[in-house]
Amino acid sequence: MASSNYSDHFSIKNLPYGVASSPARAGPQCVTRLNNTVIFLDDLQRNGLFNSVIELPSGIFKSSTLNDFAALPKPIHTRVRHALQLVLQNGVEELPTGSTADISEVQMHLPVTIPAYTDFCSSKAHNINAGRAILGHESLPPCFYHIPIAYNGRASTISVSGTPVHRPRGHFIDRTITTHKEVIYAPTRALDYELELGIVIGAPLQLGKGLTAKDAEAHIFGLVLLNDWSARDIQGFEMIPLGPLNGKNFASTISPWIVTLAALEAFRTDGPEPQSAAIPPYLQDSGAYNYDIQLKVELETASGARTVLGETNAKELYWSLGQMCAHLTSTGCNLHTGEILGTGTVSGAAEGSYGCLLEVTKGGKAKAKLTDDSERTYLVDGDVVTMTALAGEGVGFGECTGQILPAKEVQA
């Protein structure tokens, strides 16, 4: 069942969207959340609470995915949000009987059907920290200041928070052998997390049309927390010259609640530094196009001890959400409702603000000291990684969590 530890993340200023099931219902349906109360939106629509939104299709919230609702134009989302805030201004007591459940009584599901997944690398600090860890010196990709960089990931292995992750097997160089380089096929020895935000696409974009950064937010339904699990040894062996595949395709985890840009509007802020005026017109953005969202990642060991391994902020991202969307579509690439664009690991420049163990342990050369006096270079079986995010009072993301299980046995 879902966690009730984040009531203060879900005030009337937030009202995120998700998909939940409960023992009292036949299957998953679209929901929102106020504090620890989950509200089944189809019940509200059938009782006439959205009658003012005449463009809202009948029965749209009875679906087991938010895709149909997410695909609607932004003005409809705005009117639904206003209707919800109006009916919930005095709490949930006057809602239709049976339309609510406590968060502890429901099971959360993937909020959208995900047709595609693209993962960017938009944090300057992460690129510098990773370059220092891997190459021994601070290095940015040559194109970093010109375009947002990304790779296409594996949409089919994205799971909702709480889904365990089996340690993947793959090919990598056995570093325990010092006399020569030997490539082995084995469970990864360098399993890592990556603290990210995920952009959930709402209104689709047709093939060949393209977007500008200033127009892109009309196609963003909202944001989720994203953990892009990574096997660093597998990734390091395979990614030259084509980039990551099996080092990242085995699992990604997202939080169950999609926080809308309307809820985050009050937390807009400037980017970390001015961008070059020479970037192409489609990438040029202006004003406060970043979001002030505090992010945290914790590791819980088998002993139950929890250690904060990193705290950072999404406002440190060099490229904005709109710029990521615009660059992806600049070739004429289309966008489908429900697809996810990861921001890439969100990191700061200082110790304690790193978004992955690759940075924390300097590429495996150091160890992270945990509160139970154990140490980690990379994740061990049984570890639980929990990511949280809070934009401000009453507007948060809850959690994105996953436990590492042993590698599955190879089938003969």
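The values are calculated or read from the model by the stated rules, or taken from the named source; none is laboratory data. What you see is a predicted model; the values in this text were computed from it and never measured. Glycine gets a Cβ as well: all are built from the backbone with ideal geometry, and neighbour counts include every protein chain shown. All accessible areas refer to the heavy atoms of the entire protein, side chains included, with ligands and DNA or RNA removed. Shrake-Rupley method; radii C 1.70, N 1.55, O 1.52, S 1.80 Å.
For this structure, a couple of remarks:
- Cα-based helix-to-principal-axis angle, 232-242 vs the chain, degrees rounded to 10: 90
- For the peptides 199-209, 235-245, the ranking by packing is 199-209, 235-245, with the highest mean count of neighbouring Cβ atoms within 10 Å listed first.
- Top of V384, V80, V19 by mean-square fluctuation, Gaussian network on the chain, Cα under 10 Å: V80
- Highest mean packing comes first when the peptides 44-54, 82-92 are listed by Cβ atoms within 10 Å, giving 44-54, 82-92.
- In the context of the full set of protein chains, the chain has a per residue accessible area of 42 Å² (1.4 Å probe).
- Calculated from backbone phi, Karplus (6.51, -1.76, 1.60) coupling profile of region 272-283 in Hz, x at Gly/Pro: x, 7, x, 9, 5, 6, 8, 5, x, x, 5, 8
- Helix-only CD estimate at 222 nm, as mean residue ellipticity for the chain, using -39500 (n - 2.57) per DSSP H run (n ≥ 4): -4000 deg cm²/dmol
- Taking label points 7 Å from Cα along the Cα-to-Cβ direction, S303 and D102 give a separation of 3.3 nm.
- Extension gain (nm, one decimal) between H166 and Q85, 0.36 nm per residue minus Cα-Cα: 25.1 nm
- Contact order normalised by residue count of the chain, Cα under 8 Å, 6+ apart, percent: 22
- On full extension, the segment bounded by D270 and R154 gains 38.6 nm, given 0.36 nm per residue less the C-alpha separation.
- Label-to-label distance, nm, for residues given as A366 and L135 (7 Å Cα→Cβ offset): 2.0
- Among the listed pairs K369/K408; K74/K214; K315/K367, those beyond 20 Å (Cα-Cα): K369/K408; K315/K367
- Cα gyration tensor category, rounded, prolate or oblate, for region 7-109 with a/c compared to 1.5: rounded
- Linear extension gain, S58 paired with A203, 0.36 nm per residue minus alpha-carbon span: 50.3 nm
- Cα-based helix-to-principal-axis angle, 74-87 vs the chain, degrees rounded to 10: 60
- Folded to 0 to 90 degrees: helix 124-135 orientation relative to the chain principal axis, Cα: 30
- Computed from backbone phi with θ = phi - 60° and the Karplus coefficients 6.51, -1.76 and 1.60, the 3J(HN,Hα) list for region 354-362 is 8, x, 7, 5, 3, 7, 4, 9, 6 Hz; x is used for glycine and proline.
- Beta bridge orientation in the chain: antiparallel %, DSSP, nearest 5: 90
- Peptides 26-37, 179-190 ordered by packing proxy, namely the average of other Cβ atoms within 10 Å per residue, highest first: 26-37, 179-190.
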